[in-house]
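Peer 1: Before I ask anything, let me first share the structure, which is written out below as structure tokens.
Quick note: the coordinates plus some simple rules give every number you see, no bench work behind them. What you see is a predicted model; the values in this text were computed from it and never measured. Cβ placement follows ideal geometry from the backbone for every residue including glycine, while neighbour counts extend to all protein chains displayed.
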Amino acid sequence: MKLHTIQLKINDEQQTVTVRSGDTLLYTIRKQLGLTGAKPGCLNGDCGACTIHVDGWPMKSCLMMAVEGEGKQITTIEGLKDTPIQQAFVQHFAFQCGYCTPGFIMNGHSLLQKKPDADDSTIKEWLESNICRCTSYSEIEKAIKSALEKNKSS
Amino acid sequence: MEDKGRERVMLPFSFDYERPKSFQEAVTRFQQADQSGKEPMYISGATEFLTLGRINQVYTEAAIDVKGIPEAKNIQFDQGYLVLGANLTLTELEEANVFPLLTSTSKQIADHTARGKITLGGNICGQIFYREAVLPLLLADSQMVMVGPEGVKVKPINEIFHERLLLQKGEFLIQVATDTRYLHAPFISIKRRQQWDTGYPLITIAALKIDRKVRVAISGLCPFPFRSNEMEDALNILEGSPKEKIQNALASIPSPILDDVEGSSEYRLFVLQNLLLDVYEALKFGERE
Amino acid sequence: MEVIGKSVIRKEAQDKVTGRAKYTHDYHTSKKLSGRVVLSPYGHARILSIDTTDARKVPGVRAIITGEHLPLTGESMRDRPPLATNKVRYHGEAVAIVVADTPNQGDLAASLIQIQYEVLPVVHTPTQAFQQNSPLVHEHLDEYEREKDVNPVPGTNIAHHVKIRKGNMEKGWGESSVTVEGDYSFSPSDHAAMETRSSTAEITPDGTIKIITSSQAPFMVKQLIASYFDEDIGKIVVDTPLVGGAYGGKASVQLEILAYLSSRAVGGRAVEIFNEREQDMMMSPSHIGLDAKIKIGADHSGVIKAMEIQFLWDGGAYSDKAIDLTRAGAVDCTGPYKVDHVWCDSYCMYTNHTYAAPFRGFSHSELSFAVERTLDLLAKKLNMDPLELRERNAIQPGHTTPTRVLLNQSNVGNLQECISKLRTLIRWEEGPVREINERLVRVKGVSCSWKTSTIDSNAPSGVILTFNRDGSINLMSGVVEIGTGTKTVLAQILAEKLKMDVDKIHVRMTVDTQTTPEHWKTVASRGIYMAGRALLEAADDVIAQLKEIASIVLRAPIEDLEVAHMKVFTRDDPRISVDFKDICYGYQYPNGNSIGGQIIGRGNFILRHLSHLDPETGEGNPGPEWTVAAYGVEVEFDRRDLTYRLIKAASVIDIGIVLNEKAALGQVMGAMSMGLSFAGRETFYYDEFGRVLNPQLRTYRPIRYGENPEYLVDFVYTPDLQAAYGARGVGEHGLLGMPGALGNALSLAANVSLHHLPLTPELIWKTKAGNV
């Protein structure tokens, strides 16, 4: 069994882990680093519950091997503290069971950074990547739009 | 759907993972692994590698990650051609937006987050048969730049892509070159799904108009993407109503037509007819200028 | 009211937005072995042999379990082996478990298990299952242990038959000048909670069976494992943390049984079984399908006189909860209308599909599709406005239900008011059809629904309250937080009752069956209903204890005392008071004498006067109240392509009272979204071997952001006098009318009667072409 000892930069901290070639980044961050915010909703790239950031862009961590993460800036939900989007999600009741929430927040946070002028169709394009089964998406829409508004005015 | 065994939490097989820094190194590594009987594979975006691997539809003992190869990440204009590296992610292509038809077609593939990992080369050369990113290239008669044991090869797409890219063992796609005059041709790209706005293609159609003729490329109708000269001839004829031209064009579609959980083959034909009407509305095939 | 009605932020909100909230598979304690399940590759096949020789040689494998010698399981009837023996009855059925050190080793060993099958003919639909010459899914129906009111028919695929015989059908048809009928059908589908199921079991040397599981029914897990396997129930402890969505699917007990068997096989070491998505969809129970026949008779003014109904429920390979679903469908079979003459046969059918678990609505969105489509056929035949038809027949106090429960102002909501409000909300006066252009047309469809619960007549709910030394209160209830926000609303109810700050109430989010008082199951929109009442009783208990100690300390009679703002004080002079913090652990005098001791509040609640259904007539009292609702859906339909977009979806529900506004809206809209998703795109597809062709979220597709309509929600406020603050249950109701309303809108838009789900463009095309 081929193992690799690699350096991963996660939430601004350097981590050294030993992984199998085929270990996904999701598996590594959850099992080896205890960062359980990213979730194994489908392990197939379909649901978005495993979404994290790689170099500021959203990434489904089940679609990435840990070994592909070397040299990248990786941020997980645990690396976000008191961001406008987290506050907006709380204020607008944009979650119920909470399982999809870290994925949505990571995706939304990246959207706010990369597309601060996002219109409805860009928001839809990005957020289609995540499934929420509890809400109707209307609260999520309100939360994202309010965070975008706030960003613009500040 | 052949039942090949259970789905896995992760890739069940053990393999060597390497990330060569040049395409020569990549090819050499491949040949070495091949000689050792490791059934090597090139991986680029690797999304299919992971998702098909966990349901036992992909196997290798040596994965050669070609993402580190500088030539495969280029976007540049060179002597009247737009050269795109095959390892560019679909999102990178969209953000650069140098080829609007490709941007438009790419934006409908999978979902936005996944497109940050899926590469141009991966989408074209992977096992999943939609390969929608190839449609604009088929329409623009792009040149496919491949490297392998026999060195660098450049071939026009209609010679080297027939249902799939006909790569030799040890070869991989490194770049795609498109004549810039196609980049600004009027175009349309529509993706229709079983329902609403997300999911696998039922039918994806891309079309452009150049030299007064409309070209059409289709994915999702058959288990491969295609462009058909006979279809285009039927559409571009000057006589007849659009509906008649479309009926004639349908006589030349390849087979088999897919019949699966996304839709029946009869329904696909119904959808295709309407899509061709949409192409007509946008590009007006078979009209005197 | 101070707290009731306010949109209090969820207690667990910060945990959920920071990724710190933990679900079952997030707990990494000490080493856990991994249980990997081998699934049946066929819908129906005899097992000829199982050879585990090669599998056992894989390093890290600690045990391999197969099904011989295991007792049969199943909630209403014990027809289900935990692991298949003799034959497999659905694609994805668990056949064997490999327990290994790591999932990879387990998977490798699982792939080396050689199983020989002999394929058998597949029962594809409940209608086929009902035919005389159908293959049998269960050859030995008569041998199964079952509850005394369960009536399987041996020699057939009928697991249970519920009859409703109300009134006199001859009279009813005699009074009808118009009749309509329709056949409807749809396949099973899935709950698709974002958190897949997972369970860990461990048996410690002292005999404690410790289970951690993502479940709506941890107390039922405890009960069933004790019962199935003859274990000491006091030694079974089930922990359930936050659950990432359930919608009824996690009310069934399955994975816990497999985890328990796995742990037992390795001497009690901790074993975790985690469902990846495909296994969650195929192996674990799913959303029931239905073949229905509805016939309605009405007089010329549209007053319904008779209904004849046949439900053939696609219970799947095992009956488990499908029998209860069959009963629940019968109980409310007519929809929310006054019908004096009802003949309903509700059959729980065996097929070779994944067996059914409750799905949000518990048979009601399913039966409503059939009933509401037929009502629109009736409206069309009578040339009557579909809302007016429903209003004319709307159920009211004084009427009786199919099981002959007499309805009053408290146990049924006001449907006519809901319809009236719906009219305004969706601007029904504009008319149902609005042409946009040659191709596009906007069309509205409506429906109504009702629902009572059909839970066990002795289902309990209990609450315990304890204090912290600062006077703040800990609230323990067996309700599981599956996303409904019930835990937070319970805190609001207590805050209102004790007139104190809701932030000073600490709710225990996790449930552990040893120390948390039981709440039967977190189902049926009865969480607040029952736990709320139990809570009020516990609050009264706490108030009495507080006043008892305060009375001594303040030297005032108990009757003169009030409780508010974490103090007890004399009503006429609030300055004479003592703080909670000084008496909640008893009171200590300056000289050291102490009285009282820690205050522990307790309360419990059961529903009263529920009764079993008469096996011949169906007469009986299944639930405490009927929540009613009216719905509308507007689509934009493309007449050329036969595609459509969802524009608006509306629900007006008689909720009694809104306890937490944003939470209630979230629940209702979320349920509507699920209903539209189910009706518009969700189904399992099968091949000729009964194999599920789409067990992944890229081929089984819940609705996504941007595909949703604009949601409109309004409420009516007829209190249920039995409920805490009059609040009726509302978790499921947004869903119930969506398939019917959507089907009605599209049938009008496409000018063709639609009788199947999901309502895809291809279905519309096929129906128009006459090919369905």
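Peer 1: For the ranges C:519-530, C:568-579, C:126-137, what's the packing order if you count other beta-carbon atoms within 10 Å of each residue, average per peptide, and put the highest first? Spell out each step's value before the answer.
Peer 2: Details: C:519-530: 26.8, C:568-579: 15.0, C:126-137: 17.3.
Answer by packing, highest mean first, reads C:519-530, C:126-137, C:568-579.
Peer 1: Enter the mean number of other protein chain beta carbons within 10 Å of the beta carbon of each residue in C:275-281, as an integer. Walk me through the numbers before you get to the answer.
Peer 2: Numbers: counts 1, 11, 8, 8, 2, 2, 1.
Per-residue shielding by partner chains comes out at 5.
Peer 1: What percent does the relative contact order of chain C come to when contacts are Cα pairs within less than 8 Å and at least six residues apart?
Peer 2: On the way: 2049 pairs, mean separation 120.7, N = 772.
The value is 16 percent.
Peer 1: Right, another one. For chain B, what are the DSSP H helices with axial Cα length of 15 Å or more and mean Kyte-Doolittle hydropathy of at least -0.5? It would help to have the intermediate numbers written out before the result.
Peer 2: Working: long enough: B:23-35 (18 Å, -0.98); B:265-283 (26 Å, 0.55).
Flagged H segments are B:265-283.
Peer 1: If we count other beta carbons within 10 Å of each Cβ, what is the order of C:611, C:477, C:252, fewest first? Walk me through the numbers before you get to the answer.
Peer 2: Working: C:611 12, C:477 30, C:252 24.
Ranked by crowding around the Cβ, least crowded first: C:611, C:252, C:477.
Peer 1: Kindly flag which residue pairs out of C:6/C:487; A:115/A:145; A:72/B:67; C:166/C:295; A:39/C:222; A:60/A:81 have an alpha-carbon separation exceeding 18 Å in this structure. Spell out each step's value before the answer.
Peer 2: Details: C:6/C:487 15 Å; A:115/A:145 12 Å; A:72/B:67 13 Å; C:166/C:295 15 Å; A:39/C:222 27 Å; A:60/A:81 21 Å.
Pairs exceeding 18 Å: A:39/C:222; A:60/A:81.
Peer 1: Further question: Given the pairs B:21/B:153; C:11/C:504; C:250/C:662, which are separated by over 22 angstrom at their Cα positions? Write down the numbers at each step before the final one.
Peer 2: On the way: B:21/B:153 20 Å; C:11/C:504 11 Å; C:250/C:662 25 Å.
In this structure, C:250/C:662 lie more than 22 Å apart at Cα.
Peer 1: Tell me the relative contact order for the range C:361-489 as a rounded percent, counting alpha carbon contacts under 8 Å between residues six or more apart. If you can, show how the numbers build up before the last one.
Peer 2: On the way: 86 pairs, mean separation 20.3, N = 129.
Relative contact order here is 16 percent.
Peer 1: A further question on this structure: With both bridge residues required to lie in chain C, what share of the DSSP beta bridges run antiparallel, to the nearest 5%? It would help to have the intermediate numbers written out before the result.
Peer 2: Working: 110 of 142 bridges.
Here the share of antiparallel DSSP bridges comes out near 75 percent.
Peer 1: Amide H to amide H, which residues 5 or more places from residue C:413 or on other chains are under 5 Å from it, using H placed in the peptide plane?
Peer 2: Sorted by chain and number, the residues that satisfy this are C:626, C:628.
Peer 1: Could you state the number of Å between the C-alpha centres of the range C:66-89 and the range B:108-173?
Peer 2: Here the answer is 50 Å between Cα centres.
Peer 1: Suppose we keep just the DSSP beta bridges with both residues in the range C:156-274; what percent of those would be antiparallel, to 5?
Peer 2: 70
Peer 1: Let me ask you something else. Output the Cα-based Rg and Dmax of chain B in Å, rounding Rg to one decimal and Dmax to a whole number.
Peer 2: Answer for chain B, Rg first and Dmax second: 19.5, 61 Å.
Peer 1: Would you work out if chain C is rounded, prolate or oblate? Take a ≥ b ≥ c from the square roots of the eigenvalues of the alpha-carbon gyration tensor; rounded if a/c is under 1.5, else prolate when a/b is larger than b/c, oblate otherwise. Write down the numbers at each step before the final one.
Peer 2: Numbers: a/c = 1.80, a/b = 1.12, b/c = 1.61.
Oblate.
Peer 1: Whole-Hz ³J(HN,Hα) for each residue in the range C:93-105, computed from phi via Karplus 6.51 cos²θ - 1.76 cosθ + 1.60 with θ = phi - 60°, x for glycine and proline: what do you get?
Peer 2: So the Karplus estimates, Gly and Pro as x, are 4, 6, 10, 8, 10, 9, 9, 9, 4, 10, x, 5, 5 Hz.
Peer 1: What is the set of long-range amide H partners of residue C:286 at a cut-off below 5 Å, with H atoms built 1.01 Å from backbone N?
Peer 2: Residues meeting the amide H criterion: C:355, C:356, C:357.
Peer 1: How crowded by other chains is C:415-421, given as the mean number of beta carbons from other chains within 10 Å of each beta carbon? Write out the running numbers ahead of the final one.
Peer 2: Numbers: counts 0, 0, 0, 0, 0, 0, 0.
Average neighbour count from other chains, rounded to a whole number: 0.
Peer 1: A follow-up question, please. Net charge around residue B:242, counting only other residues with Cβ within less than 11 Å of its Cβ (Lys, Arg = +1; Asp, Glu = -1)?
Peer 2: With Lys, Arg at +1 and Asp, Glu at -1, the neighbours total -1.
Peer 1: Filter the GluC sites (Glu not before Pro) in the range B:167-246 to those in DSSP coil with at most 11 other Cβ atoms within 10 Å of their Cβ, and list the result. Don't skip to the end; give the middle numbers.
Peer 2: Values: sites: B:171, B:230, B:232, B:239, B:244; in loops: B:171, B:239.
Here the sparse-neighbourhood loop sites are B:239.
Peer 1: Could I ask something else about it? Amide H neighbours of residue C:93 under 5 Å, at least 5 residues apart or on other chains, H built in the peptide plane: list them.
Peer 2: Close amide H contacts, sequence-distant or interchain: C:40.
Peer 1: A follow-up question, please. Three principal axis extents, largest first, for the C-alpha atoms of the range C:164-280, in Å?
Peer 2: Sorted largest first, the three principal extents are 72, 31, 24 Å.
Peer 1: Please sort C:170-182, C:719-731 by packing, taking for each peptide the average over its residues of neighbouring beta carbons within 10 angstrom, highest first. Could you put the intermediate results ahead of the total?
Peer 2: On the way: C:170-182: 15.6, C:719-731: 21.6.
In decreasing order of mean packing, C:170-182, C:719-731 become C:719-731, C:170-182.
Peer 1: Using the Karplus equation 6.51 cos²θ - 1.76 cosθ + 1.60 (θ = phi - 60°), what ³J(HN,Hα) coupling, rounded to whole Hz, does each residue of the range C:730-742 give in order, writing x for Gly and Pro?
Peer 2: The phi angles translate into 9, x, 9, 5, x, 7, 4, x, 5, x, x, 5, 5 Hz.
Peer 1: Report, as an integer, the average count of C-beta atoms from other chains found within 10 Å of each Cβ along C:760-766.
Peer 2: Values: counts 7, 10, 11, 2, 0, 6, 4.
What the average comes to for C:760-766 is 6.
Peer 1: Can you compute the charge dipole magnitude of the range C:68-120 about its Cα centre, using +1 on each Lys and Arg Cβ and -1 on each Asp and Glu Cβ, nothing else charged? Give it in debye, rounded to the nearest 20. Show your work: numbers first, answer last.
Peer 2: Numbers: 4 positive and 7 negative charges, 35 e Å.
That gives a dipole near 160 debye.
Peer 1: Something else: Please arrange C:240, C:200 by how many other C-beta atoms lie within 10 Å of their C-beta, fewest to most. Walk me through the numbers on the way to the answer.
Peer 2: Details: C:240 29, C:200 26.
With the sparsest Cβ surroundings first, the list reads C:200, C:240.
Peer 1: Could you name the aspartates and glutamates whose alpha carbon sits less than 16 Å from that of residue A:9, not counting residues in the same chain fewer than 8 places away?
Peer 2: Cα-Cα hits under 16 Å: A:55, A:68, A:70, A:78.
Peer 1: Moving on to the next point. Relative contact order for the range C:250-332: what is it in percent, counting Cα pairs under 8 Å that are at least 6 residues apart?
Peer 2: Once normalised by length, the contact order is 22 percent.
Peer 1: Moving on to the next point. May I ask which of B:38/B:191; C:380/C:768; A:2/B:169 have a Cα-Cα span longer than 27 Å here? Show your work: numbers first, answer last.
Peer 2: Values: B:38/B:191 39 Å; C:380/C:768 18 Å; A:2/B:169 24 Å.
Those over the limit are B:38/B:191.
Peer 1: Please order C:220, C:566 by the number of other Cβ within 10 Å, starting at the fewest. Write out the running numbers ahead of the final one.
Peer 2: Details: C:220 22, C:566 19.
Fewest to most other Cβ atoms nearby, the residues stand as C:566, C:220.
Peer 1: Using only DSSP helix segments of four residues or longer, with each worth -39500 (n - 2.57), what per-residue ellipticity at 222 nm results for chain A after dividing by its residue count and rounding to 500? Could the numbers behind the result be given before it?
Peer 2: Numbers: 4 runs with 46 residues, N = 154.
Computed ellipticity for chain A at 222 nm equals -9000 deg cm²/dmol.
Peer 1: If you don't mind, there's one more thing I want to ask. Tell me, how many Å apart are the Cα centres for the range A:70-134 and for the range C:163-179?
Peer 2: Taking the Cα centre of each part, the range A:70-134 and the range C:163-179 sit 56 Å apart.
Peer 1: Starting at the first residue of the range A:18-31, write each ³J(HN,Hα) from the Karplus equation 6.51 cos²θ - 1.76 cosθ + 1.60 with θ = phi - 60°, in whole Hz, x for Gly and Pro.
Peer 2: 10, 10, 6, 3, x, 5, 6, 4, 4, 4, 5, 5, 6, 7
Peer 1: OK, next. Leaving out same-chain residues fewer than 8 places away, which aspartates and glutamates sit with a Cα under 13 Å from that of residue C:163?
Peer 2: Here the aspartates and glutamates satisfying the reach criterion relative to residue C:163 are C:149, C:308, C:332, C:345, C:614, C:616, C:619.
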